[in-house]
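What follows is a set of notes on a single structure, which appears directly below.
The values are calculated or read from the model by the stated rules, or taken from the named source; none is laboratory data. Note that the structure is a prediction, hence the values are computed from the model and not measured. Cβ placement follows ideal geometry from the backbone for every residue including glycine, while neighbour counts extend to all protein chains displayed.
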Amino acid sequence: MKVLVTGGTGYIGSHTCCELLDRGYEVVIIDNLSNSKKEVVSKIEQITGKKVKFYLGDVRDKELLRKIFKENEINFVIHFAGYKAVGESVLNPLMYYENNLLSTINLCEVMKEFDCKNLVFSSSATVYGIPKKLPLKEDFSLAATNPYGQTKLMIENILKDLYASDNSWNIVILRYFNPIGAHASGLIGEEPNGIPNNLMPYIVKVANKELPFLNIFGNDYDTVDGTGVRDYIHVVDLAIGHVLSIEKINKDKGIFIYNLGTGHGYSVLELVNTFSKVNNIEVNYRIVDRRPGDVAECYADTKKATIELGFKAQKTIDDMCRDSYKYVINNK
Ligand code: WQD
């Protein structure tokens, strides 16, 4: 079985390619390298001992997509490619709407032309907006609090309408919580451009002395220790969730939506202290004001993914902290 992975040299995409290859799938990647490096292809091949077919280009380019489908008999598509920085989306919404929406629409149109209607879409817990009740369930009301989240919500609706118009499509929508960690080999991991927006890449740069200290955005939330609580999931567990989704639509037909998290929330201070303990290294930090748009707590109800996908996160918060740092040490 051959899987086209859009954004396959990215953080989650590359880990998913490894899990697919390890389970005997053939992998084709399209990536414009706007937020990743070509060398990740050879790292994926080194980790798995398998070859990957790579196409440099943009998912908005329908002619390139047609070339890929002409040259490869694609059975499934996993669609990661898209911009994903919340702050950047607020500053440049048109760039986010144009890229994230158009790439998805063009991809689906070409898939239809080649009668390939099996799609796994990378969505986000951000579509739940400000949680009114926890843990978050897939049938909770949806809202977006920023243009990035809006694009994810719009694409979910586009895919639901697509399925309603033609239920020969088989679609899985995966809502990620907070992916962190890296492959145990230390060969692939998270490589944010510039100053990281997200917590773990920032912690790693402070531990690695690339940044002087971590700013903890608020310790006056109504949480275990006043700092923000999130559902951190190891990127390898997340990748396995994508393989299970392919297997799901290979067996059952329809459209399915799942949370991919651990079901457990950790606070910023708990993550910082775990990181220091596991890696035996200090992480300097200071408490500053809350970041606008942040919520106090967010974590997943994972029952549906467990029952219907057989998904259960295996890796611990210690694994996530150890693997995140190992990747940086390995790639100094
Ligand atoms: C986690 C916690 C911060 C940085 C975002 C996107 C979401 C998804 C995952 C794509 C919060 C605190 C952070 C820092 C801090 N991305 N923090 N200092 O905001 O939960 O989710 O990334 O799908 O869509 O919204 O993740 O890692 O930015 O923040 O104190 O320098 O760490 O306040 O409590 P977030 P995050």
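Things worth noting here:
- Filter pass, GLY189 being crowded, with 23+ Cβ neighbours inside 10 Å, more than 28 Å from SER34 (Cβ to Cβ), modelled with pLDDT of 95 or more and touching a helix residue (DSSP H, G or I) at 6+ places or on another chain (Cβ under 7 Å): no
- Within segment 159-207, the residues that satisfy the criterion of being outside any loop (DSSP other than H, G, I, E, B), more than 19 Å from SER122 (Cβ to Cβ) and within 16 Å of the ligand (Cβ to nearest atom) are LEU199, TYR202, ILE203, VAL204, LYS205, VAL206, ALA207.
- Number of positions in segment 95-105 that are β-branched (Val, Ile, Thr) and crowded, with 17+ Cβ neighbours inside 10 Å: 1
- Of the numbered criteria (1) surrounded by fewer than 20 Cβ atoms within 10 Å (Cβ to Cβ); (2) hydrophobic (A, V, I, L, M, F, W, C); (3) assigned to a strand (DSSP E or B), the one LEU142 fails is (3).
- Residue identified as at pLDDT 95 or above, surrounded by 16 or more Cβ atoms within 10 Å (Cβ to Cβ) and within 9 Å of the ligand (Cβ to nearest atom) among GLY228, GLY241: GLY228
- Test: residue in segment 106-124 that is under 21 Å from ARG230 (Cα atoms), free of Cβ contacts under 8 Å to residues at least 40 places away in the same chain, more than 19 Å from the chain's Cα centre (by Cα) and surrounded by fewer than 17 Cβ atoms within 10 Å (Cβ to Cβ): no
- When the criteria are applied in full, PHE275 fails the requirement of being closer than 30 Å to ASN75 by Cβ and buried (at least 16 other Cβ atoms within 10 Å of the Cβ).
- Of all positions in segment 299-310, at least one carries a residue that is within 14 Å of the ligand (Cβ to nearest atom), at pLDDT 95 or above and crowded, with 21+ Cβ neighbours inside 10 Å.
- Segment 46-71 residues that are in contact (Cβ under 8 Å) with a residue 40 or more places away in the chain and buried (at least 18 other Cβ atoms within 10 Å of the Cβ), paired with ones that are of a type in the set (Lys, Arg) and assigned to a loop (DSSP other than H, G, I, E, B) (beta carbon under 8 Å, 6 or more apart): PHE54/LYS38
- Selection of segment 198-224 for residues being over 20 Å from ILE317 (Cα atoms) and of a type outside the set (A, V, I, L, M) yields LYS209, GLU210, PRO212, PHE213, ASN215, PHE217, GLY218, ASN219, ASP220, TYR221, ASP222.
- In segment 66-100, of all residues being touching a Gly at 6+ places or on another chain (Cβ under 6 Å) and not in a helix (DSSP H, G or I), the one that is farthest from ASN35 (Cα to Cα) corresponds to PHE80.
- Residues (at positive phi and more than 16 Å from the ligand (Cβ to nearest atom)) located in segment 74-115: ASP115
- Residues located in segment 244-295, provided they are polar (S, T, N, Q), within 11 Å of the ligand (Cβ to nearest atom) and within 30 Å of LYS160 (Cβ to Cβ): none
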